Amino acid sequence: MKTNSIGLAVQESVKMVESLNVLLSNFQIYYQNLRGLHWNIKGKRFFDLHIKFEELYNDSQLKIDSIAERILTLEGAPLHTFEDYIQKSIIPVGKDISNDEKAVQLVVDSLSLLLQLERKVLEDAAAMNDEGTNSMMSDFIAEQEKTTWMLKAWLA
């Protein structure tokens, strides 16, 4: 079995890079949605949601960088064009959303999709003994589960 410089099987690492690039693409669409929500939110809850969306897009920007750096660590190349992101993303584009409940629902739905992708990456990382990716996914999942719970409580 041929291994890369960090001791992981090359063939499995190539597959992991593909999965992480799908996750990266989805995070980029999620990030851009959050920017749009931050800019366009209106109504009596403007101040609270404007701040919350900024918090979420700042967090997602850090996660995007972590995913891209993990791809590089696995000796792959992170995707970096909107064409690739749109092609590989399952997260819907949230265009012209200014209503508070629609905005928060888009975030909840997006997080649900991200969690599905992250759980698959986590499963595959565990199977190939890729503790670096595994640890990153565990951290993302725990944080996003809590955010989902809080946003669903807000919607209730």
Legend entry - Out of Ile41, Ile90, Ile71, sole residue that is among the β-branched types (Val, Ile, Thr) and more than 18 Å from the chain's Cα centre (by Cα): Ile41
Legend entry - Residues of the range 113-143 classified as farther than 21 Å from Thr3 by Cβ, of a type in the set (D, E, K, R) and buried (at least 17 other Cβ atoms within 10 Å of the Cβ), total: 1
Inset, instruction - Taking the residues in the range 144-156 that are assigned to a helix (DSSP H, G or I) and free of Cβ contacts under 8 Å to residues at least 12 places away in the same chain as candidates, determine which candidate is surrounded by the fewest Cβ atoms within 10 Å (Cβ to Cβ). - result: Ala153
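Any read-out appearing in this document is the output of simple, stated calculations on the displayed coordinates, not a laboratory observation. All values reported here derive from a predicted model rather than from experimental measurement. Every residue, glycine among them, receives a Cβ derived from its backbone with ideal geometry; neighbour counts consider all protein chains shown.
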